[in-house]
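> Pasting a structure here, questions to come.
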Amino acid sequence: MGGFLAFLLSRATGFSAFAILEAGYLILSLTGLALVFGCAMRDLAGNPARARYRLIFLLALPLALAGARAIPILQDAVAVGRLTLGLITHGGLVFYGGALAGLAAMALGCRLSRLSPWPLLDAVCLYAPLGHAFGRLGCFFGGCCFGAPTDSPLGVCFPAGSPAFLQHRSLGLLPDGAVASLPVHPSQLYETVGNLLLFAALALYSRQAAPLPPGRLAACSLAGYAVLRFSLEYWRGDAIRGVYFGLSTSQYVALAVLLAALAAVVLPRRNTA
């Protein structure tokens, strides 16, 4: 487990175990992002606008980061009843917000540059599940996005100080002197596997004999992940993600994305350029 490895490394190096966990999360997340970027640019190698698509991708990254912060800020503001500077400057990131903001920024950048957005969006969405799998591995080693308590043989315990441990202790679920959380679903690993399967399905679909309509691969990727995320949320146990009227924030987003993606596939597009 990431916590145990971080403990050993902290003893060997003198660095904080939590600093090592955060570094591992950052490295894996950046690895996933670099993989998406590199593979998408490789697929666009024969496109005469490849250099401009590359620039648009890179310029969209700050907006993607802002989108990843937007959902936590909104959740925290709703929870306390007001928006403060502290809520804006402190808090976590949400993949869904970052991914959708990044894709929207890329689409806008292409339109402003008088380019079709579909070559870039299709390429990025093809490899996004593969890159996201690395990000979820980072979540597992960092201990965030943990699952609900379980008696399943698949359950894992996170060490003292981890988000799961702190939540369980605050709820009075742990005995005095506990050094680990309750066994929880490794929801991060579930999503890693789901993302890899989604990538495999998209890769096979993209290699069919007949060329796919522009935007079809992006729509299928978004729809597939929406189904995956909506389902996996039932195994999540971190209260920080926000649950309203029986559904989590990400489930509401997933439903909206699924409907939009299905509409894009089913409804004829007047202009595919």
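The values are calculated or read from the model by the stated rules, or taken from the named source; none is laboratory data. Computed from a prediction, not measured in an experiment: that's the story for all the values here. Reconstructed Cβ throughout: ideal geometry from the backbone, glycine too, with neighbour counts over all protein chains shown.
> When both residues are 6+ apart or on different chains and their Cβ atoms are under 7 Å apart, which pairs have a first residue that lies in the stretch 57-73 and is of a type in the set (Val, Ile, Thr), and a second that is loosely packed, with under 15 Cβ neighbours inside 10 Å and modelled with pLDDT under 85?
Hits for this filter: Ile73/Ile88.
> Could you tell me whether any residue of the stretch 232-249 is under 22 Å from Ala101 (Cβ atoms), of a type in the set (Gly, Ala, Ser) and crowded, with 18+ Cβ neighbours inside 10 Å?
Yes, the stretch 232-249 contains a residue that is under 22 Å from Ala101 (Cβ atoms), of a type in the set (Gly, Ala, Ser) and crowded, with 18+ Cβ neighbours inside 10 Å.
> Now for a different question. Which of the residues spanning the stretch 181-222 are small (Gly, Ala, Ser), more than 21 Å from Cys39 (Cα to Cα) and touching a residue at least 40 places away in the same chain (Cβ under 8 Å)?
The answer is Ser187, and nothing else.
> Only residues that are aliphatic (A, V, I, L, M) and either under 15 Å from Val156 (Cβ atoms) or surrounded by 19 or more Cβ atoms within 10 Å (Cβ to Cβ) (or both): list them for the stretch 179-209, please.
Val179, Ala180, Leu182, Val184, Leu189, Val193, Leu198, Leu202
> What pairs come up if the first residue lies in the stretch 86-100 and is within 11 Å of Ser250 (Cβ to Cβ), the second is modelled with pLDDT of 65 or more and of a type in the set (A, V, I, L, M, F, W, C), and their beta carbons are under 6 Å apart, counting only those six or more places apart or on different chains?
Qualifying pairs under 6 Å: Val94/Ala68; Val94/Ile71; Tyr96/Val253; Gly97/Ala68; Gly97/Ala70; Gly97/Ile71.
> What number goes with the only condition from (1) part of a helix (DSSP H, G or I); (2) surrounded by fewer than 18 Cβ atoms within 10 Å (Cβ to Cβ); (3) among the polar types (S, T, N, Q) that Ser221 does not pass?
In the conditions (1) part of a helix (DSSP H, G or I); (2) surrounded by fewer than 18 Cβ atoms within 10 Å (Cβ to Cβ); (3) among the polar types (S, T, N, Q), Ser221 misses (2) alone.
> Picking from Asp151, Asp176, which residue would you name as being more than 21 Å from Arg136 (Cα to Cα), among the acidic types (Asp, Glu), in contact with a Pro (Cβ under 9 Å, 6 or more places away or on another chain) and loosely packed, with under 15 Cβ neighbours inside 10 Å?
That would be Asp151, the only listed residue that is more than 21 Å from Arg136 (Cα to Cα), among the acidic types (Asp, Glu), in contact with a Pro (Cβ under 9 Å, 6 or more places away or on another chain) and loosely packed, with under 15 Cβ neighbours inside 10 Å.
> Something else about it: Could you tell me how many of the residues in the stretch 132-158 are part of a strand (DSSP E or B) and in contact with a Lys or Arg (Cβ under 7 Å, 6 or more places away or on another chain)?
Final tally of qualifying residues: 1.
> Kindly indicate the residue of the stretch 156-173 that is in contact with a strand residue (DSSP E or B) (Cβ under 6 Å, 6 or more places away or on another chain) and surrounded by fewer than 20 Cβ atoms within 10 Å (Cβ to Cβ) and also farthest from Pro129 (Cα to Cα) among those meeting that condition.
Taking the candidates together, the pick is Pro159.
> Enumerate the helices (runs of 4 or more DSSP H) found wholly within the stretch 14-113, keeping only those where 2 or more residues are modelled with pLDDT of 95 or more.
In the stretch 14-113, 17-43, 50-80, 95-112 are the helices (runs of 4 or more DSSP H) which contain 2 or more residues that are modelled with pLDDT of 95 or more.
> Which ones in the stretch 204-218 are of a type in the set (Gly, Ala, Ser), farther than 14 Å from Ala261 by Cβ and not in a helix (DSSP H, G or I)?
Across the stretch 204-218, the qualifying residues are Ala209, Ala210.
> For the stretch 237-255, how many residues meet the condition of being outside any helix (DSSP H, G or I) and within 20 Å of Leu222 (Cβ to Cβ)?
2
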